[in-house]
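The next block holds one structure in the form of structure tokens; read it before the comments.
The values are calculated or read from the model by the stated rules, or taken from the named source; none is laboratory data. For clarity, every value in this text was computed on a predicted model and none was experimentally measured. All Cβ positions, glycine included, derive from the backbone under ideal geometry; neighbour counts span all protein chains shown. Side chains included, ligands, DNA and RNA excluded: accessible areas come from the protein's heavy atoms. Shrake-Rupley method; radii C 1.70, N 1.55, O 1.52, S 1.80 Å.
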Amino acid sequence: MPKFEWVILNKTSNNTLTPDLLSQTLIKNRKISNLEDFLSPNLNSFLNLNFGEIDKAVSRIKKAIENREKIVVYSDYDADGICGTAILWETLHRLKANVLPYIPDRVSEGYGLNNEAIKKLKDDGVGLIITVDHGVAAFEEIEYAKSLGVDVIITDHHVLPEKLPVPFAFIHTTELAGAGVAFRFAIEIGRIYGIESEVMNKIELAALATIADLVPLIGYNRAIVKVGLEKINHTQRVGLLALFEQAGIIKGKIGVYEIGHLIAPRINASGRLENAISSLRLLCTNNPKQARVIARELSITNTKRQDLTQNAVEQARNMVDSNRILVLAHSEWHEGIIGLVASRVVEEFKRPAIAISKGQIFSKGSARSIAGFNIVEAIRSCEDLLIKAGGHPMAAGFTIETKNIQKFIEKINIYIEKITNGKEILPQLLIDCHLYPQNVNFDHFNTVQKFSPFGIGNNEPVFIAKKASVEEVRTVGNTNRHLKLKVSGMEAIGFNLGGFVSQIRPRMQIDLAYCISLNEWNGSSNLQMKIKDLD
């Protein structure tokens, strides 16, 4: 049975789908108005983008530099925050500002600004705090900072709450990743001091963060990633080179997958289980030897994170119930991995999921959603039960008193019943058009690749093959979790679809939704179908 609701955007069945016709179909399905700008995006519009109180913030930075005032760049502990902090810290350090980074501890301090840290920074003589990837929900903390005489500049991209803080300057847009906002701010600082081109070279970090934070790869984000990936593939930043070495990848072949699945998890690892300052040091160091040591430590931490996540996911599978949104809580789950647990549950069960790390008094929750369901709004419908909450439509987090978890589960499911009218929440799979396996060729593959990089907002093109003939069927992988087929003369792989093997046998005819992928092995390359769903 399909795991998605299939939505075929172009239902015309065509036995001879030429590259030109395929290109026209993809343009129409993605509502692309200017093909040249889409296929070859540039940064001109991004460089002229002016949002929030950037001019006011730049003036405050200039004053702080001139007066040798202590500045702190106050980071989030994920890859987005760390990359954005690296961009701003390097820019200000280059201008000889009296600047230091600050990354809170996930467990002891929690997400974002906290009053104890603000007081400590004030006692150390800090007069200006710049947030990266957080701050829009910190009303009370910013008021506290102001009471101490500390100015705060917010740079953030999260969905705005009803009650907005009133910092010295507010730089915010939901169109960019947190590091994208910081990058645009750093460019403006660079313009004032004549180092704009130098700051522009940091686009590799903005691109890395944009991919890692799973923001839509359209508009400004697409331009950042397209240009940034080119920079990454020619980088001289020793921290990235050390990460590439640890991940077993080489420059020139680094794309969205390599960043999202091999590099970003290593950068995130320290912030999940330890303190993210190690990842920041790695990105900013100029010492190759130090970079290799830190990269190796992050890889070890990442392996530990993988083990913790796998154990938690196995526990989560046994806790799945019939609720339309899955709220799973466990006292043994480390709060640094609950976002990953929620992601894996969503991937497997195709329902919005919330994983909660239960504490004795307070608990932390992390949520992930499916396309078309706004998870942060669902969580905010329960804000009377929450201590703190925030995020995006697809991902969010919160803090709750442990005693209120059951009430939260009941209330959020009542909310979902109301907004869905009791209907099942089933994620949509957008399918571009029909393409029969026997007709797939490298012209199709090359046409598809012109529309990359792919991600949220610009999904990899998906095709449908109806009544395709199954010739071979088996499972592969250490735990037989992946499905391997030969269909109408073409190889097909279905990751995490091994459960379908009992429903399929040779000479059957099945409907497949798939992407075209390149399988490279032992020096040879061939096209294969990457199965998204089947019926």
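Per residue, how many Å² of accessible area does the chain show with a 1.4 Å probe?
Details: 24110 Å² over 535 residues.
Solvent-accessible surface per residue comes out at 45 Å².
In whole Å, what is the distance between the alpha-carbon centres of the stretch 21-61 and the stretch 131-199?
Result: 21 Å between the Cα centres.
Simple spin-label model, 7 Å along Cα-to-Cβ: Asn374 to Glu401 in nm?
Using points 7 Å along Cα→Cβ, the separation is 2.9 nm.
The chain: Rg/Rh from Cα coordinates, Kirkwood Rh?
Values: Rg = 24.0 Å, Rh = 24.6 Å.
Rg divided by Rh gives 0.97.
Cα atoms only, the stretch 80-191: Rg and Dmax in Å?
13.3, 38
Percent relative contact order of the chain, based on C-alpha pairs within less than 8 angstrom and at least six residues apart?
The normalised contact order for the chain reaches 14 percent.
Net charge near Asn526: determine it from the other residues with C-beta under 10 Å of the C-beta of Asn526, scoring Lys and Arg +1 and Asp and Glu -1. Each step should come with its number before you reach the end.
On the way: positive: none; negative: Glu491, Glu520.
Local net charge: -2.
Of the DSSP beta bridges with both residues in the stretch 291-373, give the percent that are antiparallel, rounding to the nearest 5. Can you show the working numbers first?
On the way: 5 of 10 bridges.
DSSP beta bridges in the stretch 291-373 are roughly 50 percent antiparallel.
Over all directions, how big on average is the projection of the convex hull of the alpha-carbon atoms in the stretch 1-121, in square nanometres? Can you show the working numbers first?
Values: hull surface 57.3 nm².
Taking the Cα atoms of the stretch 1-121, their convex hull projects to 14.3 nm² on average.
Determine the percent antiparallel among the DSSP beta bridges restricted to the chain, to the nearest 5.
Working: 44 of 74 bridges.
So the antiparallel bridges amount to about 60 percent of the total.
Once the other residues with Cβ under 12 Å from the Cβ of His172 are scored (Lys, Arg +1; Asp, Glu -1), what is the net sum?
With Lys, Arg at +1 and Asp, Glu at -1, the net is -3.
Calculate, in nm to one decimal, what Asp123 and Phe51 gain on full extension: separation in residues at 0.36 nm each, minus their alpha carbon distance.
Values: separation 72, 0.36 × 72 = 25.92 nm, distance 3.24 nm.
In short, 22.7 nm is gained.
Under a point-charge model restricted to the Cβ atoms of Lys and Arg (+1) and Asp and Glu (-1), what is the dipole moment magnitude of the stretch 1-132 relative to its Cα centre, in debye to the nearest 20? Mind dumping the intermediate values first?
Values: 17 positive and 17 negative charges, 40 e Å.
Value, rounded to 20: 200 debye.
Antiparallel DSSP bridges in the stretch 229-368: what percent, to the nearest 5? Write down the numbers at each step before the final one.
On the way: 5 of 10 bridges.
The answer is about 50 percent antiparallel.
Scale the Cα Rg of the stretch 401-535 by the rule-of-thumb value 2.2 N^0.38 Å and send over the ratio, two decimals.
Values: Rg = 19.1 Å, N = 135, 2.2 N^0.38 = 14.2 Å.
Compared with the compact-globule rule of thumb, the stretch 401-535 sits at 1.35.
What do you reckon, how do Leu328, Leu148, Leu214 stack up by accessible area (1.4 Å probe), largest on top? Don't skip to the answer; put the middle values down first.
Numbers: Leu328 5, Leu148 40, Leu214 120 Å².
Sorted descending by solvent-accessible area, the residues read Leu214, Leu148, Leu328.
Tell me, what are the semi-axes, in whole angstrom and largest first, of the equivalent ellipsoid of the stretch 188-246 as set by the roots of 5 times the Cα gyration tensor eigenvalues? Provide the component values of the computation, followed by the final result.
Working: eigenvalues 80, 61, 16 Å².
Taking √(5λ) for each eigenvalue gives 20, 18, 9 Å, largest first.
Simple spin-label model, 7 Å along Cα-to-Cβ: Asn287 to Ile300 in nm?
Rounded to a tenth, the inter-label distance reads 1.7 nm.
Roll a 1.4 angstrom probe over the protein heavy atoms and tell me the percent of accessible area of the chain that is carbon or sulfur.
Details: 11680 of 24110 Å².
It is 48 percent, rounded to a whole number.
Could you derive backbone 3J(HN,Hα) for the stretch 62-70 from the dihedral phi with the Karplus parameters 6.51, -1.76 and 1.60 (θ = phi - 60°), listing whole Hz in sequence and x where the residue is Gly or Pro?
For the stretch 62-70, the Karplus curve yields 4, 4, 5, 5, 4, 8, 6, 6, 6 Hz.
Using the alpha carbon gyration tensor of the stretch 206-290, what are the three equivalent-ellipsoid semi-axes (square root of 5 times each eigenvalue), largest first, in whole Å? Please report the intermediate quantities before stating the final value.
On the way: eigenvalues 84, 49, 26 Å².
Largest first, the stretch 206-290 gives 20, 16, 11 Å.
Students often check this: by mean Cβ neighbours within 10 Å, which of 269-281, 93-105 ranks highest, and how do the rest follow? Intermediate values should be presented prior to the final figure.
Working: 269-281: 23.1, 93-105: 18.2.
In descending order of packing, they fall as 269-281, 93-105.
For an R0 of 45 angstrom, estimate the FRET efficiency from the Cβ-Cβ distance between Leu39 and Asn323 and round to the nearest 0.05. Intermediate results must be reported in sequence, preceding the final value.
Values: r = 43 Å, r/R0 = 0.96.
Calculated transfer efficiency: 0.55.
Along the Cα→Cβ direction, 7 angstrom out, place labels at Val107 and Lys11. What is the inter-label distance in nm?
Here the answer is 5.6 nm between the modelled labels.
Can you tell me how much longer the chain between Leu518 and Glu417 gets when fully stretched, taken as 0.36 nm per residue apart minus their C-alpha distance, in nm with one decimal?
Numbers: separation 101, 0.36 × 101 = 36.36 nm, distance 4.21 nm.
Taking 0.36 nm per residue and subtracting the Cα distance, the gain is 32.1 nm.
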